[in-house]
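Chemist: The structure's right below; bear with me while I get my questions together.
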Amino acid sequence: MKRFLPILLLIMFSTGARAWNYSETMNSTSHSAQLRLGADVHWRWKSGLGLSLDEDLRFDMVNSTSLETTAGTTKTLLGPDFNKSYTTLTLSYKHPQFTYLKADAGYALKLMKKDTTAVEKIMRHRVFFGLTGSYRYENWSFSLRERFMTEIRMGDIDYHTATGCYEHNRADWYLRSKIEVAYHAVSKPVKPYIWCELVNTLNANALQQYYAGNNPANGGHQYIRRVRTCIGVVWRLTRRSSLDFYYRFNYGYDRDINVKPKKQTIILTEERGFQHAIGIAYSFNASPDR
């Protein structure tokens, strides 16, 4: 009997899901412009170990959202207005003989602006680990980073008995793939760079996954949640400190879930965001002199 239990559960869930009306009746589009301010301090030792502490503050300068419904609504916010902050602690390791590879792991505390004082609504935790491969050719450097990341929610994730699913995951898993090219100027203390990053979902909620024909019987799949591009220049101030000036464009895609138990309806809202960000970050190297 035990060997047939997973099959029975799958059949029960599939039957219950098809009884519901999956309707993608809303599309949300947002456009925003942000100012980002950051600072970090990092250490690196002869053993190859490294440690960094980073603070990133983000402020909305312009934030407009339009929700396509039968009535149609648009909301526009002019900043500056606090959006979110990240406090990140990262431990890295680079073997002295294999400097083209670096492994890292870390934790980030994410605080968001919400119309509430409930800590579980404004706070999320991130844990990540990854591997970066790099290659240097003359004054050019190339790198590829693959990072696994989980973001953990603190509040209620809304379980619905009728569907057998939660509206949100307690922990969302992502794969972040980033490729970067930089030029190391010899005669001037600057390093221009450009990079692109893709963020893929790894465990999108069963209700959140994309179904062919909007029918859960067709099976769902994961999707690209973010596409980020950045161009910037690092200006070395002293042997230990530098400033990073950059412009970033972010395209975001998400699927918001709203379950209506009385109407036996699941509303999937496709959310698309287009964001422009200008940022300045200060970096200090606190490594002991060698």
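Chemist: State the extension gain, in nm to one decimal, for the chain segment bounded by residue 265 and residue 112, taking 0.36 nm per residue of separation less the distance between their alpha-carbons.
Modeler: Numbers: separation 153, 0.36 × 153 = 55.08 nm, distance 2.95 nm.
That pair, residue 265 and residue 112, stretches by 52.1 nm at full extension.
Chemist: A further question on this structure: Under a plain spin-label model, where a point goes 7 Å from the Cα along Cα-to-Cβ, how far apart in nm are residue 67 and residue 249?
Modeler: With each label placed 7 Å out from Cα toward Cβ, I get 2.9 nm.
Chemist: Just want the ordering: 207, 131, from fewest to most Cβ atoms lying within 10 Å of their own Cβ.
Modeler: 131, 207
Chemist: Can I ask one more? Given 0.36 nm per residue, what is the gain on full extension from residue 125 to residue 30 after removing their alpha carbon distance, in nm?
Modeler: So the chain would gain 31.7 nm between residue 125 and residue 30.
Chemist: A further question on this structure: Between residue 171 and residue 206, 0.36 nm times their residue separation minus their Cα-Cα distance comes to what?
Modeler: Answer, rounded to one decimal: 11.3 nm.
Chemist: Given labels modelled 7 Å from the Cα in the Cβ direction, how far is it in nm from residue 183 to residue 51?
Modeler: About 3.8 nm, to one decimal.
Chemist: Further, regarding this structure: Using each residue's phi in region 166-182, evaluate 6.51 cos²θ - 1.76 cosθ + 1.60 at θ = phi - 60° and report the 3J(HN,Hα) Karplus result to the nearest Hz, with x for Gly and Pro.
Modeler: Each residue of region 166-182 in turn: 9, 6, 9, 7, 5, 9, 8, 10, 9, 10, 10, 10, 10, 10, 9, 10, 9 Hz.
Chemist: Kindly flag which residue pairs out of 75/110; 94/178; 46/110; 102/178 have an alpha-carbon separation exceeding 23 Å in this structure.
Modeler: Working: 75/110 25 Å; 94/178 18 Å; 46/110 32 Å; 102/178 14 Å.
From the list (75/110; 94/178; 46/110; 102/178), the Cα-Cα distance tops 23 Å for 75/110; 46/110.
Chemist: I would also like to ask the following. With Cβ to Cβ distances under 13 Å as the rule, what net charge do the other residues near residue 229 carry (K, R +1; D, E -1)?
Modeler: Summing Lys and Arg as +1 and Asp and Glu as -1 gives +2.
Each reported figure results from applying straightforward, stated rules to the coordinates on display, with no laboratory input. This one's a predicted model, so the numbers in the text were calculated from it and none came from an experiment. Positions of Cβ are backbone-derived with ideal geometry, glycine not excepted, and every protein chain shown enters the neighbour counts.
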